[in-house]
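**Student:** Shown below is the structure under consideration.
The values are calculated or read from the model by the stated rules, or taken from the named source; none is laboratory data. Predicted, not measured: the structure shown is a model, and the values here were computed from it. Here the Cβ positions follow ideal geometry from the backbone for every residue, glycine too, while neighbour counts run over all protein chains shown.
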Amino acid sequence: DSGVTQTPKHLITATGQRVTLRCSPRSGDLSVYWYQQSLDQGLQFLIHYYNGEERAKGNILERFSAQQFPDLHSELNLSSLELGDSALYFCASSGGLAGEDEQFFGPGTRLTVL
Amino acid sequence: AQSVTQLDSQVPVFEEAPVELRCNYSSSVSVYLFWYVQYPNQGLQLLLKYLSGSTLVESINGFEAEFNKSQTSFHLRKPSVHISDTAEYFCAVSPSSYQKVTFGTGTKLQVIP
């Protein structure tokens, strides 16, 4: 158990809909990262938040947005969903911003868009 | 900018045989290197990391990786694999001065009984 929790575990929805994925980092961790993992694209970095502020953006679509709240949990919002958005979405957390910090990954949310 | 290359997308190997998973990186600054493992239906977890000092680092389950600065490589090895090592392995790099982790595309290790 990494200490990172993600809800829901599974999500099935239709094209055009909007969903929200939730992540609670390990106790004390200030950094939260979101990743998308799919068979064709592999593991893709989406976005990084540190203590409530956006630090880095990766391959995140404009239809996707995220935020980190004062209690440090984070939400990833996916809108106007397309079939290609079906994937595993991972959240990870780390202590801070140090290069040597290990990232702790949650169990993931499996999104299926029908 | 930094990048990580894992040339082998899949590596099948018989149980108790040795294995090497290759990782090469490029970066214009000093880096830290990591190997993460993803077991089926799980998230990634850290296997081992190189920060400084001895270029050979070991994990608790028998894997080791050697940092080679001249060849910009950080290959992962195990002298004798077990069925339980079946997983996907990701090499990753981060600048030493701040966290910006770049993951490789992963190598699926399939251990054959």
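**Student:** Check A:P25 against each of (1) crowded, with 20+ Cβ neighbours inside 10 Å; (2) within 14 Å of chain B (Cβ to nearest Cβ); (3) farther than 23 Å from B:Q38 by Cβ; (4) of a type outside the set (V, I, T) and name the one condition it does not meet.
**Tutor:** (3)
**Student:** For region B:88-101, what are the residues that are in contact (Cβ under 8 Å) with a residue 24 or more places away in the chain and buried (at least 20 other Cβ atoms within 10 Å of the Cβ)?
**Tutor:** B:E88, B:Y89, B:F90, B:C91, B:A92, B:V93, B:S94, B:V101 - these are the residues of region B:88-101 that are in contact (Cβ under 8 Å) with a residue 24 or more places away in the chain and buried (at least 20 other Cβ atoms within 10 Å of the Cβ).
**Student:** Which ones in region A:69-105 are under 14 Å from A:T7 (Cβ atoms) and within 7 Å of chain B (Cβ to nearest Cβ)?
**Tutor:** Within region A:69-105, just A:F90 meets the criteria.
**Student:** Buried (at least 21 other Cβ atoms within 10 Å of the Cβ), farther than 24 Å from B:Q38 by Cα, away from chain B (no Cβ under 11 Å) and not small (G, A, S): does that describe A:L61?
**Tutor:** No; evaluated as a whole, the condition is false for this residue.
**Student:** Another question, then. Inspect region B:37-55 for any residue being over 26 Å from A:G58 (Cβ atoms) and within 14 Å of chain A (Cβ to nearest Cβ) and give the result as yes or no.
**Tutor:** Yes: one or more hits.
**Student:** Taking the stated definitions as given, is A:L61 in a loop (DSSP other than H, G, I, E, B) and either among the aliphatic types (A, V, I, L, M) or under 13 Å from the mean Cα position of the chain (by Cα) (or both)?
**Tutor:** Considered against the rule, which asks whether it is in a loop (DSSP other than H, G, I, E, B) and either among the aliphatic types (A, V, I, L, M) or under 13 Å from the mean Cα position of the chain (by Cα) (or both), A:L61 comes out as yes.
**Student:** Given the conditions (1) surrounded by fewer than 21 Cβ atoms within 10 Å (Cβ to Cβ); (2) of a type in the set (F, W, Y); (3) touching a Ser or Thr at 6+ places or on another chain (Cβ under 9 Å), and given that B:Y50 satisfies all but one, which numbered condition is not satisfied?
**Tutor:** (3)
**Student:** Name every residue in region A:30-58 that is within 9 Å of chain B (Cβ to nearest Cβ), of a type in the set (S, T, N, Q) and farther than 24 Å from A:Q17 by Cβ, in order of residue number.
**Tutor:** Within region A:30-58, A:S31 is the sole residue that qualifies.
**Student:** Right, next: Just name the residue that is surrounded by the most Cβ atoms within 10 Å (Cβ to Cβ) out of those in region B:1-25 that are under 17 Å from B:R77 (Cβ atoms) and touching a Cys at 6+ places or on another chain (Cβ under 7 Å).
**Tutor:** Among residues in region B:1-25 that are under 17 Å from B:R77 (Cβ atoms) and touching a Cys at 6+ places or on another chain (Cβ under 7 Å), the one surrounded by the most Cβ atoms within 10 Å (Cβ to Cβ) is B:C23.
**Student:** State all residues of region B:96-113 that are within 17 Å of the chain's Cα centre (by Cα) and assigned to a strand (DSSP E or B); if no residue qualifies, say none.
**Tutor:** B:T102, B:F103, B:T107, B:K108, B:L109, B:Q110, B:V111
**Student:** From the list B:V29, B:V93, B:V57, B:V37, which residue is at pLDDT 95 or above and either over 14 Å from the mean Cα position of the chain (by Cα) or part of a strand (DSSP E or B) (or both)?
**Tutor:** Checking each option against the conditions leaves just B:V37.
**Student:** Which residues, taken from region B:26-46, are surrounded by 20 or more Cβ atoms within 10 Å (Cβ to Cβ) and not β-branched (V, I, T)?
**Tutor:** Hits for region B:26-46 are B:Y32, B:L33, B:F34, B:W35, B:Y36, B:Q38, B:G43, B:L44.
**Student:** I've got another one for you. Residue under question is B:V19, and the condition is that it be over 24 Å from A:A98 (Cβ atoms) and either within 14 Å of chain A (Cβ to nearest Cβ) or touching a strand residue (DSSP E or B) at 6+ places or on another chain (Cβ under 6 Å) (or both); does it hold?
**Tutor:** yes
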